[in-house]
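The values are calculated or read from the model by the stated rules, or taken from the named source; none is laboratory data. Note that this is a predicted model, so its numbers are computed, not measured. No Cβ is skipped: glycine too gets one built from the backbone with ideal geometry, and neighbour counts run over all protein chains shown. With ligands, DNA and RNA removed, areas are computed over all heavy atoms of the protein, side chains included. Shrake-Rupley method; radii C 1.70, N 1.55, O 1.52, S 1.80 Å.
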Amino acid sequence: MDSRSMDTMTSTKVVAGFCAAFLVFLLGKWAAEGIYHVGGHGEQAYVIDTGVVESDGGGEDDVDFAALVAEADPDKGASVFRRCQACHRVEPGENITGPTLYGVVGRAVGGVDGFGYSDAMANHGGTWTIEELSAFLENPRNSVPGTAMSFAGLRSDTDRANVIAYLQSLSN
């Protein structure tokens, strides 16, 4: 065998190795999405009692959310907001993975100039009222289907009220 055929065979093996590794990563991603799917798979088989009472998602009648926000603690909201800091900032004009949340209460949905919103969020319309923010923070994927935000949500009414009070305290 001459050296040229050996080089071709070696390069073919290298390319095949990269393709095989890529295939393994794709299959691993597919398997992980199936195993760790956040959306749920229907009825729960069992419920673990944690002592925390949550609303059944029945709607506005369950909680007067504006009253909850009025009584909320912005300092506790700042602590809860730490979960959001990987993707959001609260300084004006500072966008990272998510848009800045400075002045979000009362702002138009998809209203930060220069930020690349998903089509679902850009086309959602409306204003970020306290109630809209609460619904979105409770379950982003149900509130705005197709959103790029991968956060699972804040189930606790108190946590959502505290975060909204914190965000409200930052705007003018």
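Hey, among the residues in segment 144-172 that are among the hydroxyl-bearing types (Ser, Thr, Tyr) and modelled with pLDDT of 90 or more, which one's farthest from the chain's Cα centre (by Cα)?
Of segment 144-172, the ones among the hydroxyl-bearing types (Ser, Thr, Tyr) are 147, 150, 156, 158, 166, 169, 171.
Okay, now just the ones that are also modelled with pLDDT of 90 or more, so 156, 158, 166, 169.
Values: Ser156: 16, Thr158: 19, Tyr166: 18, Ser169: 22 Å.
So, considering only residues that are among the hydroxyl-bearing types (Ser, Thr, Tyr) and modelled with pLDDT of 90 or more, the one farthest from the chain's Cα centre (by Cα) is Ser169.
Look at segment 97-118: where a residue is more than 20 Å from Pro145 (Cβ to Cβ) and a partner is outside any loop (DSSP other than H, G, I, E, B) and among the polar types (S, T, N, Q), sitting 6+ places away or on another chain with Cβ atoms under 8 Å, you get Val105/Gln168; Gly106/Thr127; Arg107/Thr127. Helices (runs of 4 or more DSSP H) fully within segment 56-172 that include at least 3 residues being in contact with a helix residue (DSSP H, G or I) (Cβ under 9 Å, 6 or more places away or on another chain) and either open to solvent by less than 30 Å² (accessible area, probe 1.4 Å) or of a type in the set (Ser, Thr, Tyr) (or both): 74-81, 130-138, 157-170. Evaluated against (1) in a helix (DSSP H, G or I); (2) modelled with pLDDT of 90 or more; (3) exposed (fewer than 12 other Cβ atoms within 10 Å of the Cβ), Ala31 falls short on exactly one condition, (2).
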